[in-house]
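What follows is a short report on a single structure.
The values are calculated or read from the model by the stated rules, or taken from the named source; none is laboratory data. This is a predicted model, so every value here is computed, not measured. Here Cβ is always computed from backbone atoms with ideal geometry, including for glycine, and neighbour counts include all displayed protein chains. In case anyone asks, the SASA skips ligands and DNA or RNA and just uses the protein heavy atoms, side chains included. Shrake-Rupley method; radii C 1.70, N 1.55, O 1.52, S 1.80 Å.
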Amino acid sequence: MLQNAGRARQHGGRALERKTLRFPELMWLLSLLICTFAVALAFVYVDVSIAHRVYGLLRSAEGLEKGFASAVLLGIEAAVALALVSIRITRGHLSRFGEATALACLTSICAYAINDSILKLIFGVPNPASVLHGTRHAFDLLAGSSNSSFPSGHMVLACAFAGVFMRLYRTSILPFSALLLIAAVLLVVGDWHFVSDVIAATFLGISAGLLGGEVWLAHSK
């Protein structure tokens, strides 16, 4: 009888655990639906009109664009990750913040690589400069390149990094959200990306970061 009661409690605990695990999945699916709807609306009604309105507003930001080029940011993240891994090997341990930083850098690099090597090639959306000079703003499926606009590589890079910290340090959600909002506005106002590019990249990057943080927590336990 005691064994049956123990099994019942164990079964109930597993059932509760399964229910708990479903909630983040449902939230992610709901977020995916909202993001898809927002991207579709922006792509059809907002992208080109805003690109025309902000064209040339940041003509003096060419140096800023070079300073924050993807290759530069990837190089910085790779250098930081390599330094932290070297410290871990030589000293035998890293602080929790050091581990989070290394994880954030590696997650960001991987997310960027997937976006530029796969997603941009699949969707094939021309960048704002091409569209403003006559190219049609449309999906050219399976005919894109790393120079395509959708989703934004810069935004994926930043959001994947931020997503890791958002998962591991809940107090970082508001500061990172503010910084990501500023980055999104600059990417649009600087003629580097459309609004839909930024929305899609934000969802992809943060999803990758949250997944990386969740996997790390499971590994730590």
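Some notes on this structure:
- Any hit, region 163-170, residues being touching a Pro at 6+ places or on another chain (Cβ under 7 Å) and at pLDDT 90 or above: no
- Any hit, region 194-215, residues being buried (at least 20 other Cβ atoms within 10 Å of the Cβ) and either in a loop (DSSP other than H, G, I, E, B) or of a type in the set (Asp, Glu) (or both): yes
- ALA79 closer than 29 Å to ARG136 by Cβ, in a helix (DSSP H, G or I), at pLDDT 55 or above and not aromatic (Phe, Trp, Tyr): no
- All positions within region 51-70 that are open to solvent by 50 Å² or more (accessible area, probe 1.4 Å) and at pLDDT 85 or above: HIS52, ARG53
- Only one of PHE176, PHE139, PHE165 that is part of a helix (DSSP H, G or I) and open to solvent by 20 Å² or more (accessible area, probe 1.4 Å): PHE176
- Close Cβ contacts (under 8 Å, 6 or more residues apart or on different chains) running from residues in region 203-221 that are closer than 17 Å to SER172 by Cα to residues that are basic (Lys, Arg) and assigned to a helix (DSSP H, G or I) comprise GLY209/ARG167; LEU210/ARG167; GLY212/ARG167; GLY213/ARG167; GLU214/ARG167; LEU217/ARG167.
- Residue that is farthest from THR107 (Cα to Cα), among those in region 147-162 that are open to solvent by 10 Å² or more (accessible area, probe 1.4 Å) and in a helix (DSSP H, G or I): HIS154
- Residue in region 75-92 that is open to solvent by less than 50 Å² (accessible area, probe 1.4 Å), of a type in the set (Asp, Glu), under 19 Å from LEU168 (Cα atoms) and in contact (Cβ under 8 Å) with a residue 24 or more places away in the chain present: yes
- From the list SER117, SER108, the one residue that fits, being among the polar types (S, T, N, Q), open to solvent by less than 30 Å² (accessible area, probe 1.4 Å) and either modelled with pLDDT of 90 or more or more than 17 Å from VAL39 (Cβ to Cβ) (or both), is SER108.
- Among the residues here, SER130 does not qualify as open to solvent by 20 Å² or more (accessible area, probe 1.4 Å), small (Gly, Ala, Ser), over 15 Å from PHE203 (Cβ atoms) and in contact with a Lys or Arg (Cβ under 8 Å, 6 or more places away or on another chain).
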